[in-house]
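The values are calculated or read from the model by the stated rules, or taken from the named source; none is laboratory data. Predicted model, so just to flag it, every value in this text is computed and none were measured. Ligands, DNA and RNA are stripped out before the accessible areas are found, and what is left, the full protein with its side chains, is counted by its heavy atoms. Shrake-Rupley method; radii C 1.70, N 1.55, O 1.52, S 1.80 Å.
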Amino acid sequence: MTGNITVLGSTGSIGVQTLDVARMHGIKVSALTANRSIDLLEKQAREFCPKMVAVLDPDCAKKLKIALSDTDIAVYSGEEGIKEAARCPGADTAVNAIVGVAGLMPTLEAVAAGKDLALANKETLVAGGKVVSRAIESKGVKLYPVDSEHSAVFQCLQGNPKKALKKVILTASGGPFYGRTKEQLRDVTLKDALKHPNWSMGQKITIDSATMMNKGLEVIEASWLFGVPDEGIDVLIHRESIVHSMVQYMDNSVIAQLGVPDMRIPIQYALTYPERLESPVKELDLSEIAALTFAKPDYETFECLAICRKALRLGGLYPAVVNAANEAAVSLFIQGKIGFLQIPEAVGRALTDFDGNKDEFTLEDILEADRITRARILTA
Ligand code: NDP
Ligand code: MG
């Protein structure tokens, strides 16, 4: 179990819930970071007394430095500041709860500093799976999944031989637009897309759930975490979000992990592994839920899922490209500049247009593919 963490993206949905878990179990906090939310960051810093905090936006960092001038807490700024927090001495685990590929460099920084990782930032593995896996292997650090589906799989794998694993079965709520036709998706608004049926999350992942890009990213994430190819990962729609995912073994026995939808369970397991401690999360009452349902996903309406699977099969830089296209398109959708269906269009076009693929590539190649793809969409 970890005793001391650094929380990258502490002011977001996962970051705040991570601090709930830390508060409950007396886990020390060495560093906290945010993009611009300095009021909340100041509050968190005063409660958890970290050695340092880092803010991406330099003006916000300046303001926070003044606000915290009566404390011993160091305030850093910019990307370098976030990296400084990622390698903060004293922390044994870095919780990465940053949203988007912006989390990739801090992940690598934390690994290089010998920290174990509790990873919520799936974009890190989607874009940089190969580079991150190599770094983790060479440093001999541990990687604990925080994403609920991947935590479920990780839990189902405990005590079983890895070589007996036949299939990973990721469940998906289907999001707010489950059951709709493409025509019915044409005019949906940002407000509609932000109404997730079961989970309360940050804006970007909520939109990703509505397009099912989130599940596509999770297929790629699962492939890196569990060493399973695209064919070894099934996706099942499960509207109730009670079964968080399953694994099937060679003997066709299926093991599932269940619980009420609350991220504090997977966050806590990543921090306390292999221990199981008490949790503030409500007990699961299956008699109250009464029925659990499962269905196949609609790959034609929710194209992002199919596009991600294709990117995974193609390999190389393609996953980084679809991720970058999605981040750019989602930001345009949030600003009201494009419609909902233009998100899958942009992601699909990015995959077809990308002509710089390589089997062997470096971190710089990933960042370059990300930059080119983003620029094409943002300037189109
Ligand atoms: P939020 O948007 O709620 O929080 C993101 C955090 O990252 C905030 O602290 C934000 O700071 C900070 N941040 C934003 N942009 C940058 C940047 N460019 N550089 C550094 N920091 C930045 O996201 P979530 O908590 O919802 O998601 C975080 C990650 O966890 C995502 O990868 C998501 O896919 C994954 N995840 C989330 C789940 C959830 O339930 N929310 C479930 C499973 C996975 P500020 O507050 O200042 O903007
Ligand atoms: Mg998930």
task: Any chance you could look up the accessible area of Glu288 with a 1.4 Å probe, heavy atoms only, rounded to 10 Å²?
output: 130
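Express the relative contact order of the chain as a whole percentage, based on alpha carbon pairs under 8 Å and six or more residues apart in sequence. Walk me through the numbers on the way to the answer.
Working: 718 pairs, mean separation 57.0, N = 380.
Taking the mean separation of contacting Cα pairs over the length of the chain, I get 15 percent.
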- request: Name the residues whose placed amide hydrogens come within less than 5 Å of the amide hydrogen of Ala54, ignoring near sequence neighbours (fewer than 5 apart) on the same chain.
  value: Leu32, Thr33, Ala34, Tyr76
task: Collect residues whose amide H, placed 1.01 Å from N in the peptide plane, falls under 5 Å from the amide H of Val260; neighbours closer than 5 in sequence don't count.
output: Leu284
³J(HN,Hα), Karplus 6.51/-1.76/1.60, whole Hz, each residue of the range 184-198, x for Gly, Pro: 6, 9, 4, 9, 5, 9, 4, 4, 4, 5, 8, 8, 6, x, 10
task: List every residue whose amide H lies under 5 Å from the amide H of Lys28, counting only residues 5 or more places away in sequence or on a different chain, with H placed 1.01 Å from N in the peptide plane.
output: Asn4, Ile5
- line: Restricting to lysines and to Cα separations under 18 Å from Lys139, and discarding same-chain partners fewer than 8 apart, the set is Lys83, Lys115, Lys130
task: Check every DSSP H run in the chain and write down those whose alpha carbon atoms cover 20 angstrom or more along the long axis and whose mean Kyte-Doolittle hydropathy is 1.0 or greater.
output: 318-334
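Ignoring ligands, DNA and RNA, what accessible area per residue does the chain give at 1.4 Å, in Å²? Before the final figure, lay out each step's value.
Values: 16390 Å² over 380 residues.
On a per-residue basis, 43 Å².
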- line: Looking only at aspartates and glutamates whose Cα falls under 19 Å of Lys166's and that sit 8 or more positions away or on another chain, we get Glu149, Glu218, Glu221, Asp230, Glu231, Asp234, Asp251
